1. If you stretched the chain out fully between residue 234 and residue 25, how much longer would it get, using 0.36 nm times the residue separation minus the C-alpha to C-alpha distance?
2. Whole-Hz Karplus ³J(HN,Hα) for the stretch 162-177, in order, using 6.51 cos²θ - 1.76 cosθ + 1.60 and θ = phi - 60°, x for Gly and Pro?
3. Which one, 268, 233, 256, projects farthest toward the positive side of the charge dipole computed for the stretch 230-288 from Cβ point charges (K/R +1, D/E -1)?
4. Percent relative contact order of the stretch 205-322, based on C-alpha pairs within less than 8 angstrom and at least six residues apart?
5. Around residue 273, with a cut-off of 10 angstrom between Cβ atoms, what is the net charge of the other residues, counting Lys and Arg +1 and Asp and Glu -1?
6. How far, in nm, would the chain grow between residue 332 and residue 84 when pulled straight, counting 0.36 nm per residue and subtracting the alpha carbon separation?
7. Between residue 245 and residue 74, what is the FRET efficiency for a Förster distance of 51 Å, r being their Cβ-Cβ separation, to the nearest 0.05?
8. Whole-Å semi-axes of the stretch 221-351's equivalent ellipsoid, largest first, each the root of 5 times a Cα gyration tensor eigenvalue?
Amino acid sequence: MGSVECNSTYSEHSKTDSSKVWLETVLKKRSRDEEVYKIIKYETTKATVKGDNYSCDLSRVTMNVVVGSGKSKKVSLIIKELPKTEFKRAMVSAMGVFLKESVMYREILPRMTDVMSELCDYSDTLWSDFIDYRPYDRLVLQDLNIAGYKMNDRKLGLDYPHCLLVVRNLAKFHALSVILKARDLIPLEIYDEHNLYQNKGMKFRMGEMFSKLFENVVTTIEQQWEPEWQSVGKRLRKQLPDFLDKLSKIIERDDSKFNVLNHGDCWLNNIMFKYGIDGETPISLKFVDYQLCFYNSPAYDLQYFLSTSPNLEVRAKLKWNLVEEYHKSLAKFLKLYNYKGEIITLDQITEEMNRFNLFSVITGALLLPLVFLEQTEEMPDIEKICKDHNTIKEMKLEWLRFCSPNFAKFMKLILTDAIESNTI
């Protein structure tokens, strides 16, 4: 075969893991049209920027290939692997996220596709195509950029049409999971707990960092917000000693209630949109990153999304409209999929949403500073923080200065909900 042209910052990765021989084997196994004969050249580049992904290495492999007919074509794949650094790789392995995601792509999502086909739902799936994998450390997936999907700016948030599309499709994803669970096709031994908040090993590893991040936000409220928020800061400070235990208790599954397979990390960085001819109207979406899926109340995904992803106007004025739209869609899809069980009511979802308000506060405190960070180069080094206890102890408020003013505005909306529901 001809020489390889590679312009990659992952030179070692390109020379070994992403070898031409391996790539050709993958393409020959999975080609859906003309058989791939050989790769002429390929290029490996980073598929994300700093701050877009913390628990894996994502690369894009773009190839010029020759197919059986002799024609040349361009092919692009996404390769998702465990981190290269020893510490981060060990931490992610301990979380068990690769197992969860690989089972999602190899078993759960294909079963959802089967349910859709069985019931004559020929709409697009809500996930990328699974191409290949290597046990324990690698997934090869469809490049959604080539299919016309793109990610939105996390700092701007999503407007109402985007949010509406998300909650309706989240309801569909949840409905499909309910059908699978009714058929005993979801292995709860894998999806029983949340990898971060309920996994004892990860609570031990990450707990100190989470506590310091939460404390930094509380200190910001006490020192920088208006006087009327000082009492709220004091209330939050009282939550600090055992907030992770309280969080774990909130998300303990109650099997007497309506539960679904949650995406687990449903925020705008894990949602890609396709647009209409005007380039502005979202017409379809794909959820990505299935590392934190777990079986629990649908309020988890809803609160997580509404606490991180809408723009300020939507979060302030249209939150409950979106909850209602979610419920309408959930009921619709469960009926379309011939579900015979009891369907959660809107009042029950509202009750669950209020029960998860403290979760929303904690999620906001931990994640929103990263969402609203203006410059990605100011993003904290998560590996360094987790690895060095002195770094955790010395964490200061400085990086919060780089957040846009929308951080405080959004956090105040979350706190107001928690106050009104007597959560804090």
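Computed from the coordinates by the stated procedures, all read-outs in this text should not be read as laboratory data. Just so you know, these numbers come straight off a predicted model, no measurement behind them. Neighbour counts run over all protein chains shown; Cβ positions are idealised from the backbone, glycine included.
1. 69.3 nm
2. With coefficients 6.51, -1.76 and 1.60, one gets 5, 5, 4, 4, 5, 5, 5, 7, 5, 4, 5, 4, 4, 4, 4, 5 Hz.
3. Going by the charge dipole, the pick is 233.
4. 22
5. That sum, taken over residues with Cβ under 10 Å, equals +3.
6. Contour length minus Cα-Cα distance gives 84.9 nm.
7. Here the calculated transfer efficiency is 0.45.
8. 30, 23, 15
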